[in-house]
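This report refers to the structure that appears directly beneath it.
The values are calculated or read from the model by the stated rules, or taken from the named source; none is laboratory data. Just so it is clear, the structure is predicted and the values come from calculations on it, not from any experiment. Note that each Cβ is placed from the backbone with ideal geometry, even for glycine, and that neighbours are counted across all protein chains shown. Just so you know, the surface numbers come from the protein's heavy atoms only, side chains and all, with ligands and any DNA or RNA stripped out. Shrake-Rupley method; radii C 1.70, N 1.55, O 1.52, S 1.80 Å.
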Amino acid sequence: MSAVAITPAEVEKLIARRFEASDARSQAYKDGFAATLRRKLLGAPRPTNPYDAGTAESDAWWAGCDAARAEVEFREAAARCPL
């Protein structure tokens with residue numbers, strides 16, 4: 001779980017804001033992003049990729065997971081080094 005203090009409602013707002021400007025990402029990407037962000041920030045159960053390995057949807061889901069991990073790392077670094 002992240003060292004950044006955040007509520008479940010704030011996580012849901014962050015997820016919504018992340019995709020409101022551009023809806024160009026697939027639902028699989030968004031689902032992977034949301035599941036991983038909830039895991040990293042709230043300690044939710046480890047997400048499982050619901051798509052068959054080797055499919056475009058599976059790749060998109062994993063890409064969303066990677067983006068969420070990067071988002072958390074950025075937030076944690078920013079919290080340690082305020083400007």
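Brief remarks follow.
- Tally of residues being assigned to a loop (DSSP other than H, G, I, E, B) and exposed (fewer than 14 other Cβ atoms within 10 Å of the Cβ) across the range 5-57: 15
- Test: residue in the range 58-80 that is in contact (Cβ under 8 Å) with a residue 12 or more places away in the chain, open to solvent by 60 Å² or more (accessible area, probe 1.4 Å) and outside any helix (DSSP H, G or I): no
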